[in-house]
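Every read-out reported here was derived from the displayed coordinates using simple, explicitly stated rules and does not represent laboratory data. Please read all numbers here as calculations on a predicted model, not as lab measurements. When we count neighbours, we look across all protein chains shown, and the Cβ atoms used for this are built from the backbone with ideal geometry, even at glycine.
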Amino acid sequence: MIRNDDNWLLRVRNLTKIYGAYNEQTVARTGPEFNSNICPDNGSIVACADINFDLYPGEVLGIVGESGSGKSTIVKLLYFDLEKTNGEAFLKPYENDTLNILDESNQKKKFIRNNLMGMVYQNPRDGLNFNFSSGGNIGEKLIMSGNMHVGNIRNRATELLSKTEVPVQRLDDLPAFFSGGMQQRVQISKAIANNPPLLFLDEVTTGLDVSVQAKVLDLIREMQQELGIAMIVVSHDLSVIRMLTDRTMVMKNGRIVESGLTDQILQDPQHEYAQLLVSSLL
Amino acid sequence: MKILEVSGLSKTFNLHILHNKKIEALKNIDFSMEEGEIIGLTGKSGSGKSSLMKCIYRTYLASTGTILYHSDKGKKDLVQASDHEMIELRKTEITYCSQFLSVIPRVTAIDVVCENLFRVEKNKEIARAKAREILAYLGLAEELWDAFPATFSGGEQQRINLARAVLGNPKFLLIDEPTASLDAKTKEAVIRLILNLKKQGSSVICISHDDYTIDQLVDRNIEMQNGTIVSIQSNPKKENS
């Protein structure tokens with residue numbers, strides 16, 4: 001349910017991403033009711049369509065759904081990794097909260113990304129530069145947001161690595177020599193280096209073994225509590241969603257089929273697909 | 001002053017994955033409650049007590065009806081309130097103590113209890129001191145305070161759960177079976193704890209199968225059967241005292 005409450009942090013309206021040549025019928029002829037996101041007329045693929053939500057400061061929003069349902073597309077659009085087809089996004093802490101950030105110039109987008117957002121990808125290779133040391137990666141983010149003092153950067157990197165339990169003496173090592181869990185923690189350090197109000201987490205624990213998963217999740221939860229960062233957590237793992245989020249959106253075929261409080265989604269799902277998803281929980 | 005007005009509330013589960021089977025859990029529930037009142041919910045297992053409580057907490061979405069809650073910031077219909085408003089209310093005014101403890105793994109008992117308080121009290125040690133006080137009062141062995149509750153016994157988990165819900169004196173408290181699986185002495189402590197909350201102005205709805213708990217605790221009792229209210233009675237023992 002959308003209210004015109006005024007203290008939102010991120011506001012998303014009608015966000016749509018379509019791959020390939022499409023026509024005005026494309027969105028209407030795809031979606032969960034057709035059990036497909038491929039347009040039957042022209043074969044264009046609707047990755048996500050008509051996405052609407054508000055995120056409030058300090059709130060954690062989960063996005064669940066099967067592979068290919070459009071979860072990652074949403075955060076990648078908002079982090080400017082992908083170009084939107086349609087839609088608007090507004091960010092309260094940005095200089096003008098009535099400007100659609102998705103239409104801003106690349107220079108402005110870069111500013112927003114470096115100062116107001118953080119992103120943690122499933123694959124550390126997407127979020128880290130493997131030619132830089134772990135400290136260098138954190139430094140890169142800090143320099144981008146205008147911190148030029150080398151001593152300060154080094155201190156901040158040291159502080160972040162010890163907070164995320166990466167041995168500080170490995171500050172100058174390349175991430176390629178780190179284990180998967182450590183790489184992920186360096187990536188988290190980098191994402192939060194300049195204290196952004198908003199953090200995107202895209203399947204951050206997928207592919208890690210359970211004990212490392214637990215550590216990464218504990219870290220994210222503690223950080224959220226301590227810093228009060230608003231987060232969008234993309235995961236297909238309902239346990240991750242239950243542990244981290246206040247609210248959840250369930251996606252299928254590029255649409256949000258249900259959204260609600262996380263405990264409500266897990267205990268009283270309304271949509272057919274949401275019921276199937278919850279009943280599949282082991 | 002009223003705190004809660006429930007009218008025409010019903011809940012039907014529509015199970016799409018079981019060939020659209022429908023289960024009626026609540027039918028046309030009406031009642032209201034005063035601020036500072038303790039209301040008991042009794043009835044057989046499956047009569048809809050917990051469903052009613054979960055509808056109020058919005059873990060279940062009501063099918064029809066309204067639940068007017070008088071919050072510090074004005075009246076809210078908990079059926080229609082936005083998710084964001086519910087999250088705010090849960091953080092500040094309404095707490096829920098479920099029958100079973102569901103906690104985040106690898107968090108110590110003390111920190112589980114403090115979870116809500118940490119949001120407002122940035123000094124963690126002050127929050128933890130308050131938690132220790134309640135846990136000591138409820139007689140939870142001190143050696144367990146910094147252990148992980150997932151491995152605790154039923155009675156120990158229950159006390160953690162209760163301590164978590166009452167810490168910070170919530171305005172409105174929903175408690176599901178607070179005294180089941182507790183010994184007589186601990187039960188007495190729990191009852192006194194809840195009565196003490198009432199003294200400080202909290203309003204409480206409490207589900208219990210235990211006659212003694214209901215007699216000692218509630219101002220009025222609602223009896224449920226098959227998803228409907230069969231009677232609402234004031235507690236004679238409380239009126240005399």
*How compact and how long is the stretch A:10-281, expressed as Rg and Dmax of its alpha-carbon atoms in Å?*
18.9, 59
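Under the definition of Cα pairs under 8 Å and six or more residues apart, what whole-number percent is the relative contact order of chain A? Display every interim value, and only then the final one.
Working: 512 pairs, mean separation 71.1, N = 282.
Answer for chain A is 25 percent.
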*Kindly provide the helix-only [θ] at 222 nm of the protein assembly as shown, computed as the sum of -39,500 (n - 2.57) over DSSP H runs of four or more divided by all residues, to the nearest 500 deg cm²/dmol?*
-10500 deg cm²/dmol
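Eigenvalues of the Cα gyration tensor times 5, then square-rooted: what semi-axes does that give for the stretch B:78-202, in whole angstrom, largest first?
Values: eigenvalues 97, 61, 43 Å².
Those come to 22, 17, 15 Å.
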_Approximate spin-label separation A:LYS108-A:ASP209, in nm, with each point projected 7 Å along Cα-to-Cβ_ = 4.9 nm
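Using a simple charge model, +1 on the beta-carbon of Lys and Arg, -1 on the beta-carbon of Asp and Glu, nothing else, what dipole does the protein assembly as shown show about its Cα centre, in debye to the nearest 20? Mind dumping the intermediate values first?
Working: 59 positive and 65 negative charges, 71 e Å.
Magnitude of the dipole: close to 340 debye.
Across peptide B:79-86, how many C-beta atoms of other chains are within 10 Å of each residue C-beta, on average? Intermediate values should be presented prior to the final figure.
Details: counts 0, 1, 2, 7, 16, 13, 3, 5.
Average per residue, whole number: 6.
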_What translational diffusion coefficient, to the nearest whole µm²/s, does the stretch A:1-97 have by Stokes-Einstein, given a Kirkwood radius computed over alpha-carbon pairs, a temperature of 10 °C and 1.306 mPa s viscosity?_
110 µm²/s
*Across bins of 5 angstrom width beginning at 0, how are the C-alpha pair distances of chain B distributed, in whole percent?*
1, 6, 14, 17, 19, 17, 13, 8, 4, 1, 0
*Using modelled backbone amide H atoms (1.01 Å from N, in-plane), which distant-in-sequence or interchain residues come within less than 5 Å of A:SER36's amide H?*
A:GLY31
*Stretch B:LYS185-B:LYS237 to full length: gain in nm at 0.36 nm per residue minus the Cα-Cα span?*
16.7 nm
_Give me a comma-separated list of calculated 3J(HN,Hα) values for the stretch A:230-245, in order, Karplus coefficients 6.51, -1.76, 1.60 applied at θ = phi - 60°, integers in Hz, x for any Gly or Pro._
7, 9, 10, 10, 9, 7, 9, 9, 5, 5, 5, 4, 5, 6, 9, 9
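In square nanometres, what is the average projected area of the Cα convex hull of the stretch A:237-282?
On the way: hull surface 11.9 nm².
Value for the stretch A:237-282: 3.0 nm².
Of all alpha-carbon pairs in the protein assembly as shown, indicate the percentage at a distance above 38 angstrom.
Working: 46125 of 136503 pairs.
Counting pairs separated by more than 38 Å, the tail of P(r) holds 34 percent.
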*What residues qualify as long-range amide H neighbours of B:ILE29, i.e. H under 5 Å apart, gap of 5 or more or another chain, H built at 1.01 Å from N?*
B:GLY8, B:LEU9, B:SER10
*May I ask which of B:LYS21/B:LYS75; A:LYS141/A:LYS215; B:LYS27/B:LYS238 have a Cα-Cα span longer than 27 Å here?*
B:LYS21/B:LYS75; B:LYS27/B:LYS238
*Alpha carbon centre of the stretch A:183-249 versus the stretch B:174-207: separation in Å?*
36 Å
_Name the residue from B:THR151, B:TYR60, B:ALA165 whose Cα lies farthest towards the positive end of the charge dipole of chain B, charges +1 on Cβ of Lys and Arg and -1 on Cβ of Asp and Glu._
B:TYR60
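If the viscosity is 1.306 mPa s and the temperature 10 °C, what translational diffusion coefficient in µm²/s does Stokes-Einstein give for the stretch A:147-282 when Rh comes from Kirkwood over Cα pairs? Walk me through the numbers before you get to the answer.
On the way: Rh = 16.6 Å.
After rounding, the answer is 96 µm²/s.
Please find the FRET efficiency linking B:ASP146 to A:SER239, where r is the Cβ-Cβ separation and R0 is fixed at 25 Å, and quote it to the nearest 0.05. All intermediate terms of the calculation are to be shown ahead of the outcome.
Values: r = 24 Å, r/R0 = 0.97.
Approximately 0.55, to the nearest 0.05.
How high is the FRET efficiency between A:LEU174 and B:ASP211 when r is their beta carbon distance and R₀ equals 60 Å, given to the nearest 0.05? Can you show the working numbers first?
Values: r = 69 Å, r/R0 = 1.14.
The computed FRET efficiency comes out at 0.30.
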*asked:* Compute, for the stretch A:10-281, the length of the dipole vector about the Cα centre, with Cβ point charges of +1 (Lys, Arg) and -1 (Asp, Glu) only. Units Debye, rounded to 20.
replied: 660 debye
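For A:GLN25 and B:ALA129, FRET efficiency with R0 = 45 Å and r from the beta-carbon atoms, rounded to 0.05? Present the calculation step by step, with values, prior to reporting the outcome.
Working: r = 64 Å, r/R0 = 1.42.
So, using R0 = 45 Å, E works out to roughly 0.10.
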